[in-house]
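Reading through the structure tokens given below for one structure.
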Amino acid sequence: MIRINGSAARLPDDPRVSLLDLLRERLQLSGTKKGCDQGACGACTVLVDGQRILSCLALAVQYDGCSVTTIEGLAADGALHPLQRAFVEHDGLQCGYCTPGQICSAVGMVEEVRRGVPSLVTSDLCAETIALTHDELRERMSGNLCRCGAYNGIVDAIAEYAETAR
Ligand code: FES
Ligand code: FES
């Protein structure tokens with residue numbers, strides 16, 4: 001059994017089914033997008049027990065007992081998640097295909113920074129707190145591609161959210 005956005009769901013009998021296909025094809029949660037299906041674009045990013053993962057590279061059966069949050073689960077009681085609102089306010093999207101992955105990834109990323117997980121560009125690995133500078137933000141979100149090039153708005157939206165989520 002796996003929990004998806006707070007509800008229990010059966011795992012597939014076929015162990016080859018990816019978490020992404022379980023969400024999209026079997027549970028009709030089509031908010032999570034399939035871009036490359038090979039770990040290169042980030043469109044399929046979801047949160048598993050609060051940590052971001054690429055669902056196209058994950059077998060659903062690996063997550064027996066885990067709690068998955070997709071873009072559909074971020075908005076509580078019909079109200080947009082603060083990061084969703086920030087994307088709207090900062091024009092962080094054009095076609096919107098990459099957006100669910102961007103948002104799930106950024107929610108997980110901000111939590112990583114809060115826990116002090118360093119990135120490739122973190123200069124002081126012993127620092128107790130890591131500032132989410134422009135370079136840190138761009139590096140940490142580099143796994144989420146946007147073919148429309150809406151990066152300026154995406155970065156502004158995430159920066160604003162990270163400021164308020166501290
Ligand atoms: S669809 Fe998973 S990384 Fe592109
Ligand atoms: S908004 Fe179109 S791919 Fe990002």
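For the pair region 23-59 and region 105-166, the centres of their Cα atoms are 20 angstrom apart. Along the axis of the charge dipole computed for region 32-166 (Cβ charges of +1 for Lys and Arg, -1 for Asp and Glu, origin at the Cα centre), the listed residues Pro82, Ala43, Ser119 are led at the positive end by Ala43. Once C-alpha pairs closer than 8 Å and six or more residues apart are averaged by separation and normalised to the residue number of the chain, the relative contact order reads 24 percent.
Assuming 0.36 nm per residue, please report the length gained on full extension of the stretch Asp49 to Gln94 beyond their Cα-Cα distance. Walk me through the intermediate numbers first.
On the way: separation 45, 0.36 × 45 = 16.20 nm, distance 2.94 nm.
The span from Asp49 to Gln94 would gain 13.3 nm if fully extended.
Only protein atoms count toward the accessible area here, which uses a 1.4 Å probe; on region 73-166, the carbon and sulfur part of that area reaches 51 percent.
With N as its number of residues, region 31-87 has a Cα radius of gyration that, divided by 2.2 N^0.38 Å, comes to 1.20.
When the helix-only estimate is applied to the chain (DSSP H runs of n ≥ 4, each -39,500 (n - 2.57), divided by the residue count), what is the mean residue ellipticity at 222 nm, nearest 500 deg cm²/dmol? The partial results should precede the final answer.
On the way: 5 runs with 50 residues, N = 166.
It comes out at -9000 deg cm²/dmol, rounded to the nearest 500.
When both bridge partners sit in region 2-74, DSSP labels roughly 85% of those beta bridges antiparallel. Projection of the Cα convex hull of the chain, averaged over all directions and equal to a quarter of that hull's surface, yields 9.7 nm².
How much accessible area per residue does region 98-144 have, counting only protein heavy atoms and a probe of 1.4 Å, in square angstrom?
On the way: 2410 Å² over 47 residues.
The answer is 51 Å² per residue.
Between amide H atoms placed 1.01 Å from N, distances below 5 Å from Ile4 occur with Ala9, Val68, all of them 5 or more places distant or on a separate chain.
The values are calculated or read from the model by the stated rules, or taken from the named source; none is laboratory data. Note that the structure is predicted; figures quoted are calculated from it, not measured. Positions of Cβ are backbone-derived with ideal geometry, glycine not excepted, and every protein chain shown enters the neighbour counts. We work out accessible area using only protein heavy atoms, side chains counted, and drop any ligands, DNA or RNA first. Shrake-Rupley method; radii C 1.70, N 1.55, O 1.52, S 1.80 Å.
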